[in-house]
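I have placed the structure first, in the form of structure tokens, so that the comments after it can refer back to it.
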Amino acid sequence: MDSGLALLMFVGLCLLGVVLVGLLIVATPIMSWLLIGSVVFLGFRFVLTLLGLAGSSPDHPRLSPESFISKAAITMATEIGLAGPERFAINASGMITNRSDRTIAGIRIWCRAEALYGSDTDSGTIPVTVNRAETRSFSGVVANRFYGITRIGTVLRVAPERHFCRVERLIEG
């Protein structure tokens with residue numbers, strides 16, 4: 001090895017070591033203060049939760065997704081439509097009656113359809129605003145990425161014959 005190249009590598013390694021030690025000296029106090037601050041913040045939130053001062057207010061408690069759905073009356077029909085060559089969409093339409101004290105901003109629907117090798121699933125959200133004690137209709141595309149199934153005597157895939165959809169959750173507005 002050339003002596004000039006060895007000297008250059010030695011100086012480079014020494015410079016890299018000095019830079020790393022300098023970063024360690026500068027970054028250690030910053031990281032320790034960030035760690036102390038995050039522990040204090042989490043402890044403060046824990047104490048507020050124990051005292052009942054954190055989270056949702058007692059007069060407007062947070063509803064679980066299941067109880068929010070149970071406070072609504074939903075009728076829904078689904079149908080399969082064309083979304084592209086050999087690709088099909090599931091459209092949903094229906095009525096929703098809001099019996100809760102919250103506003104509904106959307107409905108998320110999950111669907112499973114027959115596929116070439118087993119079944120395929122997808123979900124989508126349909127925006128619909130339903131205030132308290134209101135009934136509104138909704139319609140829209142739930143999913144548009146279902147590929148068809150093959151049938152004897154056809155060249156292209158055809159629409160799935162079986163599908164199943166359910167309300168996954170209501171979106172609070």
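The values are calculated or read from the model by the stated rules, or taken from the named source; none is laboratory data. Everything numeric here is computed off the predicted structure, so don't read it as measured data. We place every Cβ from the backbone using ideal geometry, glycine too, and count neighbours over all the protein chains shown.
Just one of the listed residues (A105, A89, A72) is over 23 Å from E172 (Cα atoms), under 24 Å from the mean Cα position of the chain (by Cα) and modelled with pLDDT under 95, and it is A89. L156 fulfils the conditions (1) in a strand (DSSP E or B); (2) in contact (Cβ under 8 Å) with a residue 40 or more places away in the chain except for a single criterion, (1). Of V19, V47, V40, all but one fail to be assigned to a helix (DSSP H, G or I), modelled with pLDDT of 75 or more and over 37 Å from the mean Cα position of the chain (by Cα); the exception is V19. For the range 78-97, check the following and say yes or no: at least one residue is in a loop (DSSP other than H, G, I, E, B), on the phi > 0 side of the Ramachandran plot and in contact (Cβ under 8 Å) with a residue 24 or more places away in the chain. Taking every residue of the range 78-97 in turn, at least one turns out to be in a loop (DSSP other than H, G, I, E, B), on the phi > 0 side of the Ramachandran plot and in contact (Cβ under 8 Å) with a residue 24 or more places away in the chain. Among residues of the range 87-126 being among the charged types (D, E, K, R) and surrounded by 15 or more Cβ atoms within 10 Å (Cβ to Cβ), the one that is farthest from R162 (Cα to Cα) is R102.
Each residue in the range 110-146 was checked for being assigned to a strand (DSSP E or B), among the polar types (S, T, N, Q) and within 18 Å of L170 (Cβ to Cβ), and 6 pass. The set of residues from the range 134-167 being closer than 18 Å to A115 by Cα and among the aromatic types (F, W, Y) comprises F146, Y147, F164. Only residues that are exposed (fewer than 10 other Cβ atoms within 10 Å of the Cβ) and of a type outside the set (D, E) were counted across the range 1-12, and they come to 4.
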